[in-house]
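The values are calculated or read from the model by the stated rules, or taken from the named source; none is laboratory data. Worth saying up front: this structure is predicted, and the values here are computed from it rather than measured. So basically every Cβ, Gly included, is an ideal-geometry build from the backbone, and we count neighbours across all protein chains shown. In case anyone asks, the SASA skips ligands and DNA or RNA and just uses the protein heavy atoms, side chains included. Shrake-Rupley method; radii C 1.70, N 1.55, O 1.52, S 1.80 Å.
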Amino acid sequence: MNGVREARGGDGESAASVGADSLLDALPAGVVVVDALTKILHANAPAAVMVGRDRAELVGSSAVDLVSRDTSWAYATAVAMASEYSGVVMGPLRIELPRPDGRRVKADLWATNHLDDPRIGGIVCLLVRPSVTMGLGDAVVSLAAGQSPRLVVNQVLEAIEGSPLDADAALLTVRGTRVALVGRSPGLPDMLVEQLDEGPWFYVAHTGYRSLFPTCEEMPEPHGVRARDAGYGAMWVEPVTAKVRPTDEVLVLWRRIPGNPSPNELRVLAQVAAVLTLIPHVGDGA
């Protein structure tokens, strides 16, 4: 794609040339440009990471082939409608992107038609990872509508897969020396929630302090080996606390990327715990 120029001002100041590819790669979202037959003309780096493929591999392939069969209709609909309405933004439509490693990444698709623009010559598709905050909002709406606690818990755990946490999670109940699994993310491997009778969740439940394990090597065994074998790089263990009364639930997050949470991730993690305390099953420790 052509470079773009950004004027820096007068008095003889030169204009700074910035590569359009660099700008697109800096976006916190995937950008894919397709032709009228959905052949990919361009993909930015975040889009390639999202689908787990090399960018060079994407260009020239069909975008529909990257979308799960369950949601390919949504992609095709957005592109088809965008091709009929020049300049009109269509979306969002929720799609799933199967990765070569077996994971299915959810994304919200927006599309707008720039086929007649010689500088672009295609339909621009924006792929945005669902946010944890929006998922929590859906869970709160379900709770207010009287949906079952189990359904709401599952909505919260699914929301954790979104940005910025990008994690799989399990909700545990810890009572004394006993632990029980309340719920789990759809993609969480079985091996990570087996043999839970030993683990950092006991300390977290009894003290109310979170425990962070930024690498598999720092996790207690056998959890470190299991996390590494399952492709994870970090584990965060968060107490589910309420201001008015203690709870005995603990939230365990597994992340693919090693490291401790950023201040923003800690803020969102606190929001997740707060919503969990509102759910009757969680909030009353039942």
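Which ones in the range 80-90 are within 14 Å of GLY121 (Cα to Cα) and within 28 Å of the chain's Cα centre (by Cα)? Full working, then the answer.
Keep residues of the range 80-90 that are within 14 Å of GLY121 (Cα to Cα), which gives 82-83, 86-87.
Residue satisfying the conditions is ALA82 alone.
Check whether at least one residue in the range 61-73 is open to solvent by less than 70 Å² (accessible area, probe 1.4 Å), in a helix (DSSP H, G or I), among the aromatic types (Phe, Trp, Tyr) and modelled with pLDDT under 85, and report yes or no.
Taking every residue of the range 61-73 in turn, none turns out to be open to solvent by less than 70 Å² (accessible area, probe 1.4 Å), in a helix (DSSP H, G or I), among the aromatic types (Phe, Trp, Tyr) and modelled with pLDDT under 85.
Counting residues that are over 27 Å from PRO200 (Cα atoms) and not hydroxyl-bearing (Ser, Thr, Tyr), which strands (runs of 3 or more DSSP E) fully inside the range 105-184 reach at least 2?
Details: elements: 122-128, 167-175, 178-184.
So the answer is 122-128.
Do any residues in the range 68-81 that are charged (D, E, K, R) have Cβ atoms under 7 Å from those of residues that are buried (at least 16 other Cβ atoms within 10 Å of the Cβ), where the two are at least six apart or on different chains, and which pairs are they?
Close Cβ pairs satisfying both conditions: ASP70/GLU96.
Output the residues belonging to the range 185-204 that are among the aliphatic types (A, V, I, L, M) and either touching a residue at least 60 places away in the same chain (Cβ under 8 Å) or in a loop (DSSP other than H, G, I, E, B) (or both). Give the derivation first.
Keep residues of the range 185-204 that are among the aliphatic types (A, V, I, L, M), which gives 188, 191-193, 196, 204.
Residues satisfying the conditions are LEU188, LEU192, LEU196.
Quick one: which residue in THR173, THR177, THR133 is open to solvent by 50 Å² or more (accessible area, probe 1.4 Å) and over 22 Å from the mean Cα position of the chain (by Cα)? So that I can check it myself, show each step before the final result.
Numbers: THR173 fails: open to solvent by 50 Å² or more (accessible area, probe 1.4 Å); THR133 fails: over 22 Å from the mean Cα position of the chain (by Cα).
Answer to the check: THR177.
Output the qualifying pairs, or none if there are none: Cβ atoms under 8 angstrom, residues six or more apart or on different chains, first residue in the range 24-37 and assigned to a helix (DSSP H, G or I), second residue acidic (Asp, Glu).
none
Could you please let me know if PRO258 is open to solvent by 70 Å² or more (accessible area, probe 1.4 Å), farther than 20 Å from VAL193 by Cα and either modelled with pLDDT of 95 or more or touching a helix residue (DSSP H, G or I) at 6+ places or on another chain (Cβ under 8 Å) (or both)?
Values: open to solvent by 70 Å² or more (accessible area, probe 1.4 Å): yes; farther than 20 Å from VAL193 by Cα: no; either modelled with pLDDT of 95 or more or touching a helix residue (DSSP H, G or I) at 6+ places or on another chain (Cβ under 8 Å) (or both): yes.
Judged against the criteria, PRO258 is not a match.
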